[in-house]
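Worksheet: one structure, shown below.
The values are calculated or read from the model by the stated rules, or taken from the named source; none is laboratory data. Remember, predicted model here, so these are calculated numbers, not experimental data. Note that each Cβ is placed from the backbone with ideal geometry, even for glycine, and that neighbours are counted across all protein chains shown. Just so you know, the surface numbers come from the protein's heavy atoms only, side chains and all, with ligands and any DNA or RNA stripped out. Shrake-Rupley method; radii C 1.70, N 1.55, O 1.52, S 1.80 Å.
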Amino acid sequence: MPVYNMEIPGNDAALISAQRAGLVACSHCGRVYPPGTESCGRCGSGLDPDGRKSLQGVWAWLAAGILVYLPANIYPMLRTNTLLDSSESTIVGGAIELFHHGAYAVAAIVFVASILIPIGKFLAIGYLAMSLGRRSRMSVHHRHMLFEVVEFIGRWSMIDVFVVAILSALVHLGSVANVNPGIAAVSFALSVAFTMLSAQSLDPRLIWDADEEDR
Amino acid sequence: MTTELPADFAGKPLIACPTCDTLHVEPSVPTNHAACCRRCGRVLAAPRENAVRNVLALAVTSTILMTGAVFFPFIELQAAGLHNRASVLDAAMAFSQGIMAPLAIAVAFLIILIPTARLVAIIYTLLPLVQKRQPYRFAAHAFRLAERLRPWSMAEIFVLGVAVALVKVAGLATVSLGPAFWAFAVLVVVNVLQDNTMCRYTIWKSLETTRR
């Protein structure tokens, strides 16, 4: 697709942020308003008084997400009853079991979605929130890329909850085999939701402010 | 610290990049061109020919597929002469017993209700625009809701979850997929097409200019 050349205010090459120009911008549709405007006239979203979302929400949701992730790993995710025995498996246990069955690809999906992604997300959000307003080894562009990856990938962790849901709905074969969900499914789902909210409350404009101060 | 805007541009309508807050002069982008932020490269507007009409058509398609996905049999399991069939709704209701009941509601929202609500909101917003009439009341609210709910619409993740679950039970029993599974799979593809065709900026602008 051909690129349309965006025009910036002013003839010199300096890029100005709306905040510097004393304006508040809508983070949904991009319209700018004089300071003190409370909601966007185009799309109706609320505007933040100083043009930036606060960091409090990020830390609060992140703490909640980490807190409920612990029981998610301790308690069983699935209870399986067959004719011969009954067993309970945790998140890690389920992935290891798949691996022993030779289903390497699926074991990898489960492991990545329910262990690597959640922990990687905690670290990434924590790092991004800490690095705001500081010099960091990572360039602004790279930090923003990390943020986009976290936002894009976060939802996919929910896959494990869906797997448990489908298995529990499907495997109800009288006395032969039964699968029931374990309590860890609830705390895992909450953990995913809380970290998604944490990533959503991180204002990417705060990351880019560092770029502005370098000039 | 504030910087004065350059005098030669005072008065021109401005927009700020939602990602990095950089000011640009409000563009009038020709169709099939992409306008990107000068600082961070985010696509600010990418209007395409007949985009609104195509998005509307895709949203209607999705609604039909969603209806099929909910009501047709989804997946069937056979082992040792016993068999069990589950619908998408059964999957959500797997958590409905005991203290996990709130999770059942949450799953129903993530895989059925939120995707459906988004579709309804998008159709509600775009239908008058296609017919070149004034937008319905609260159209801006509806479209904003659809955008807010986007990360929480998890149909595609559910489909991959089904694939993982199938591998888990493959050794235990014979599994056959019903029409609802295929409806769901197609739905995922249509949703991706729809999200890629839609230019949010164009829709916001046309909602604004046609408002009474």
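Details
- Filtered residues of region B:162-184 (kept if away from every other protein chain (no Cβ under 12 Å) and open to solvent by 50 Å² or more (accessible area, probe 1.4 Å)): B:Pro179, B:Trp182
- The lone criterion from (1) touching a strand residue (DSSP E or B) at 6+ places or on another chain (Cβ under 8 Å); (2) surrounded by fewer than 21 Cβ atoms within 10 Å (Cβ to Cβ); (3) within 9 Å of chain B (Cβ to nearest Cβ) left unmet by A:Asn178 is number (3).
- Condition met for A:Tyr4 (aromatic (Phe, Trp, Tyr) and within 12 Å of chain B (Cβ to nearest Cβ)): yes
- Restricting attention to region B:185-212, the residues that are farther than 30 Å from B:Ile15 by Cβ and within 12 Å of another protein chain (Cβ to nearest Cβ) total 0.
- Looking only at residues of region B:65-80 that are within 9 Å of chain A (Cβ to nearest Cβ) and more than 15 Å from B:Ala165 (Cα to Cα), we find that the one that is least open to solvent (accessible area, probe 1.4 Å) is B:Ala79.
- Here is the figure for region A:72-86: residues that are open to solvent by 40 Å² or more (accessible area, probe 1.4 Å) and under 24 Å from the mean Cα position of the chain (by Cα) total 3.
- Cβ pairs under 9 Å, 6+ apart, first in region A:146-165 and more than 8 Å from chain B (Cβ to nearest Cβ) and within 16 Å of A:Leu197 (Cβ to Cβ), second outside any helix (DSSP H, G or I) and hydrophobic (A, V, I, L, M, F, W, C): A:Phe147/A:Leu202; A:Val150/A:Leu202
- Selection within region B:9-40: residues that are on the phi > 0 side of the Ramachandran plot and at pLDDT 85 or above. The member of this set that is farthest from the other protein chains (Cβ to nearest Cβ) is B:Asn32.
- Test: A:Gly93 is in contact (Cβ under 8 Å) with a residue 24 or more places away in the chain and either part of a helix (DSSP H, G or I) or surrounded by fewer than 17 Cβ atoms within 10 Å (Cβ to Cβ) (or both): no
- Qualifying residue in region A:26-34 (condition: more than 23 Å from A:Glu151 (Cβ to Cβ), within 11 Å of chain B (Cβ to nearest Cβ) and not in a helix (DSSP H, G or I)): yes
- As a summary of the residue check, A:Ile109 satisfies the conditions (1) touching a helix residue (DSSP H, G or I) at 6+ places or on another chain (Cβ under 8 Å); (2) facing chain B (nearest Cβ under 7 Å); (3) open to solvent by less than 40 Å² (accessible area, probe 1.4 Å) except for the one numbered (3).
- Taking region A:30-59 as the range and being under 25 Å from A:Phe194 (Cα atoms) and open to solvent by less than 60 Å² (accessible area, probe 1.4 Å) as the test, the residues that pass are A:Ser45, A:Gly46, A:Leu47, A:Asp48, A:Gly51, A:Arg52, A:Leu55, A:Gly57, A:Val58.
- Residue match in region A:115-138 (condition: of a type outside the set (Asp, Glu), in the same structural domain as A:Ile96 (by TED's automatic domain parsing), closer than 30 Å to B:Asn84 by Cα and open to solvent by 60 Å² or more (accessible area, probe 1.4 Å)): no
- Any pair with Cβ under 8 angstrom, 6 or more apart, that starts in region B:23-42 at a residue that is free of Cβ contacts under 8 Å to residues at least 40 places away in the same chain and ends at one that is among the charged types (D, E, K, R) and not in a loop (DSSP other than H, G, I, E, B): B:Arg39/A:Asp211
- For region B:148-161, a residue qualifies if it is within 7 Å of chain A (Cβ to nearest Cβ) and not aliphatic (A, V, I, L, M), and the qualifying residues are B:Pro151, B:Phe158, B:Gly161.
- No other residue among A:Glu148, A:Glu97 is farther than 19 Å from A:Leu190 by Cβ, modelled with pLDDT of 90 or more, acidic (Asp, Glu) and assigned by TED's automatic domain parsing to the domain that holds A:Leu173 apart from A:Glu148.
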